[in-house]
Amino acid sequence: MDSLESRIRGLVARVSGISPSVPGDADLYLDLGVASVHALELLTHLEQTFSIRIPDDDFVDATTIDKLALLIARLQAGNAENGGA
């Protein structure tokens, strides 16, 4: 999952301007101050980059890079099990 986390870190850094070397368990909003407008942009980039649809509630709950990586891996696995649907 390290590669997945690295890609997410890159997207977070590009969208929000924070360092890609932040700890994976740092809260993007409380600890790092990612603004809500950046969160919406991040959601769009994550969905496009990983060809997935992230439910709003799941995205709101995934407040760290670690949690985003787990969520994306789960959604990608679900897509693969459903034939890419």
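All of the numbers you see were taken from the coordinates with simple rules; none came from a lab. None of the values given here were measured: they were computed from a predicted structure.
Assorted remarks:
- Our coupling estimate for the range 19-35, obtained by passing each phi through the Karplus curve with A = 6.51, B = -1.76, C = 1.60 and θ = phi - 60°, is 5, x, 9, 5, x, x, 9, 6, 5, 4, 9, 7, 7, 10, x, 5, 6 Hz, Gly and Pro reported as x.
- When the chain is treated as a Gaussian network with alpha carbon springs shorter than 10 Å, the biggest mean-square fluctuation among ALA13, ALA35, ALA62 belongs to ALA35.
- All-pairs alpha carbon distance profile, the range 1-57, 5 Å steps from 0, percent: 4, 19, 30, 29, 17, 2
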